[in-house]
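The structure under discussion appears below in the form of structure tokens.
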Amino acid sequence: MSSSRFPATVDDVTVRLIAAVVLSVAVVTLATSQWWLFLVLAVDFTLRAALGPRFSPVARFVQRWVRPRIAALPVPTAGAPKRFAATIGALLTITASVLWLVHVATGSVIALDVVVGIGVVMVVFPALESVFGFCVGCVLFSGLMRLGLVPEEVCLDCADITRRRTVRVVS
């Protein structure tokens, strides 16, 4: 899954900081019922998943302004599972955005209830990543690899953990 757009290896510290920004936006969204903020996250997740972190405004912000102020050394981690996690984020926030628009157009309470449910997930998942370094999307990606639904060559670093020590980190 590595391409010139999405690095094979990323800095886990940066990823966790990006998750903290997503968490912050999701908390504000839930606390204020400003559901249009899911549109902002949907665009960012979609850019990050489709084109890589260089095209994500949130990732660019973290890489330029936040990460340089954190003294921790880079921690290399495989990029493919993080890209998969961004894809999940894109799907969730796109769904929330569409359902919010359905609610606005029709007044559907069910659509709004689903948006709120997705909002809770969009708080829990990035909280687990940013606070504990637990990536739900990465666990799902690993499970799909074990089931043979994701070929080993998609993420050689995932298949062979010993390769992680020799791979250069791209931020």
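None of the figures in this text is laboratory data; all of them are computed from the coordinates on show. Predicted, not measured: the structure shown is a model, and the values here were computed from it. Positions of Cβ are generated from backbone atoms using ideal geometry, with glycine treated the same way; all protein chains shown enter the neighbour counts.
Below are the figures for this structure:
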item	result
Global geometry of region 1-101, whether rounded, prolate or oblate, following the gyration tensor of its Cα atoms and the 1.5 cut on a/c	oblate
Computed [θ] at 222 nm, helices only, for the chain once each DSSP H run of length n ≥ 4 contributes -39500 (n - 2.57)	-19500 deg cm²/dmol
Ranked VAL75, VAL15, criterion: other C-beta atoms within 10 Å, fewest first	VAL75, VAL15
Packing-based exposure ordering (other Cβ within 10 Å, fewest first) of MET122, MET145	MET145, MET122
Most fluctuating residue given options THR106, THR95, THR87, as computed from a GNM of the chain linking Cα atoms under 10 Å	THR106
